Amino acid sequence: MPADGVIVGLAEELIGEHATETGNPHKGAGKVARYLRGEHDLPYAPRGARAEYREIARKSVTNWLPLISETYVKGLFVDGFRAGNSHENARPWAYWQANRLDARQTIATRGALEYGASYVRVLRAPKAPSIRPLPALSTFAQFEDDGDDWPLHGIHILGKSTDGDQLYDLYDATAVHRLAMPKGGGTLRVVSSAAHGLGVTPLVRFRDRLDGENRGIITPLLTLQDRINEAVFSLLIALQYASFRQRWATGLAIPTVEDPDSPLFGQPVEPFQAAVDRLWVTDNHEAKFGSFDQTDVSGHLETYGSGVRTLAAIAQLSPHVLLGDLVNLSADALAAAEASTQRKIGEYETIFGESWEQVLLLAALADGDTESANDDSAQIRWRDTEARSMAATVDALGKMVQMLSVPAEAAWERIPGVTDQDIKRWREMAKSSDGLTQLAAQLARRSEATPSTEATPEAA
């Protein structure tokens, strides 16, 4: 185990790199986090703009970005962990349930999608291995090579202790080190070190792509989000200042300020106050009144819609997810509209599935189950969230069973919305039904045999 000085130096290096990645609100993960919170760069305002102008700019922020990441997260739910040639979940699936990962899995998925990378920590624990998805913005890891499965070191920024010290967990291939930074600043110190005995740094990385820079799905959309905000801002400006018809008048004598003590002495005074609830009248029969046409905002609306559709195209989402302009669609039409999204979700299932398999195999190793830890045939099973017609799906599955001789139980997994718990219950019900059927057949055979045996002496 390294000396405390080495641990502190390594922790300071990782904390500095993490701050570079996430601490700047104007670039990288820091900017993504700010935009996801709705704190966008406001549309351009000229120097000296009035407070009313700036308030309209603040109201123009229309935050589409969380909806984009949530759409993908909702389609990425792990539903089982199957060993090869088995229709039952493998033993490590019990660790999943013990750590309540049905809900907590979204921490890892959302972090990887929004920021490009997230981490899940696996450690030994008394009852079952501890599996904890860590928040993406508070975790950072170093890799010798970008393609390595395990990091060299990792840092997790915790909360504060009761004394106000900032706490950190440093992970390496041998131990977990707890460090503390005194309240108000000072020297980082090692609080404790505990060997984990796993042989690798117990952090499993989730990332949105395996090659190139892991930026997440939000970073490429920031510029498009700014364009949408600009379109909304122009629309609000038009509604505020140009949708009300401006009036004009000619042939009127323009009054002036007559008070000689006034600094505005001799300056013209507006004869009328324009407002929706005001009427202009004059006793000058030579006066003429009129109004300018109001501004047509249809162009602004089309620009806004075009920006949202472009955002959806770049994010590989169906535009109706954002605009909601498709109604009374059949299930087939809806499935066709979501085809691009489903293909992207399929790609994420492949990438994230490998990471979840790595998590569960490491958990098996932590529990001493070397057989499961070395089972490379086990695979993650994902919940089917694709939009389909239930009637058409059941009809297709029935034909698979009847015409292609596919076992009926194999078709159960392909029914949309069915979970592993449902399938397990159905199997138990089927076994019970088979037992009752066999018992009924035996009773029927006995009842048929009884009259024939009684009739034999009479025949003799």
### Summary
Checked the stretch 230-255 for anything modelled with pLDDT under 80, in contact with a strand residue (DSSP E or B) (Cβ under 6 Å, 6 or more places away or on another chain) and of a type outside the set (A, V, I, L, M); matches are Arg245, Arg247, Trp248, Gly251
### Query
Are any residues in the stretch 159-211 open to solvent by 40 Å² or more (accessible area, probe 1.4 Å) and assigned to a strand (DSSP E or B), and if so, which ones?
Gly159, Lys160, Arg178, Met181, Arg189, Val191, Ser192, Ser193, Ala194, Ala195
### Task
For residues that are within 24 Å of Glu428 (Cβ to Cβ) and in a helix (DSSP H, G or I), tally how many sit in the stretch 391-416.
11
### Query
Across the stretch 347-389, what is the number of residues that are β-branched (Val, Ile, Thr) and open to solvent by less than 40 Å² (accessible area, probe 1.4 Å)?
3
### Message
I'd like to check something: does the stretch 425-443 contain any residue that is open to solvent by less than 50 Å² (accessible area, probe 1.4 Å), in contact with a helix residue (DSSP H, G or I) (Cβ under 9 Å, 6 or more places away or on another chain), at pLDDT 75 or above and not in a helix (DSSP H, G or I)?
### Response
no
#### Entry: Total residues in the stretch 213-224, condition open to solvent by 50 Å² or more (accessible area, probe 1.4 Å) and either in contact with a Cys (Cβ under 6 Å, 6 or more places away or on another chain) or at pLDDT below 90 (or both)
2
### Query
Residues in the stretch 262-277 that are modelled with pLDDT under 80 and exposed (fewer than 10 other Cβ atoms within 10 Å of the Cβ): how many?
5
### Task
Identify all residues within the stretch 111-124 that are out of contact with any strand residue (DSSP E or B) (no Cβ under 7 Å at 6 or more places or on another chain) and either free of Cβ contacts under 8 Å to residues at least 40 places away in the same chain or surrounded by 23 or more Cβ atoms within 10 Å (Cβ to Cβ) (or both); write none if there are none.
Leu113, Glu114, Tyr115
### Task
Evaluate the following for Leu137: is it in contact with a helix residue (DSSP H, G or I) (Cβ under 7 Å, 6 or more places away or on another chain) and at pLDDT below 95?
yes
### Task
Report those strands (runs of 3 or more DSSP E) wholly inside the stretch 90-152 carrying at least 2 residues which are out of contact with any Phe, Trp or Tyr (no Cβ under 8 Å at 6 or more places or on another chain) and under 22 Å from Leu10 (Cα atoms).
117-123, 139-142
## Note on the structure
Looking across the stretch 63-88 at residues that are open to solvent by 40 Å² or more (accessible area, probe 1.4 Å) and in a loop (DSSP other than H, G, I, E, B), the single one that is nearest to Ala108 (Cα to Cα) is Phe77
### Task
Give the residue, chosen from Gly186, Gly197, that is free of Cβ contacts under 8 Å to residues at least 60 places away in the same chain, at positive phi and not hydrophobic (A, V, I, L, M, F, W, C).
Gly186
### Task
Look through Thr341, Thr282 and report the one residue that is of a type in the set (Val, Ile, Thr), at pLDDT below 90 and in a loop (DSSP other than H, G, I, E, B).
Thr282
### Task
Check whether at least one residue in the stretch 248-261 is in contact (Cβ under 8 Å) with a residue 40 or more places away in the chain and either farther than 24 Å from Glu52 by Cβ or surrounded by fewer than 14 Cβ atoms within 10 Å (Cβ to Cβ) (or both), and report yes or no.
yes
### Options Ala94, Ala103, Ala51, Ala19: the member that is loosely packed, with under 13 Cβ neighbours inside 10 Å and within 24 Å of Arg132 (Cα to Cα)
Ala103
#### Entry: Every pair of residues 6+ apart whose Cβ atoms lie under 7 Å, when the first sits in the stretch 11-34 and is closer than 19 Å to Gln142 by Cβ while the second is open to solvent by 60 Å² or more (accessible area, probe 1.4 Å) and modelled with pLDDT under 90
Gly28/Glu21; Ala29/Glu21
### Query
Are any of the residues in the stretch 287-304 assigned to a strand (DSSP E or B), in contact (Cβ under 8 Å) with a residue 40 or more places away in the chain, touching a strand residue (DSSP E or B) at 6+ places or on another chain (Cβ under 9 Å) and crowded, with 16+ Cβ neighbours inside 10 Å?
no
### Query
What tally of residues in the stretch 312-337 results from selecting those that are open to solvent by 50 Å² or more (accessible area, probe 1.4 Å) and modelled with pLDDT of 80 or more?
3
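The values are calculated or read from the model by the stated rules, or taken from the named source; none is laboratory data. Everything quoted here is computed from the prediction, not taken from an experiment. Methodologically, a virtual Cβ is constructed for each residue, glycine included, from the backbone with ideal geometry; neighbour enumeration extends over all protein chains shown. Side chains included, ligands, DNA and RNA excluded: accessible areas come from the protein's heavy atoms. Shrake-Rupley method; radii C 1.70, N 1.55, O 1.52, S 1.80 Å.
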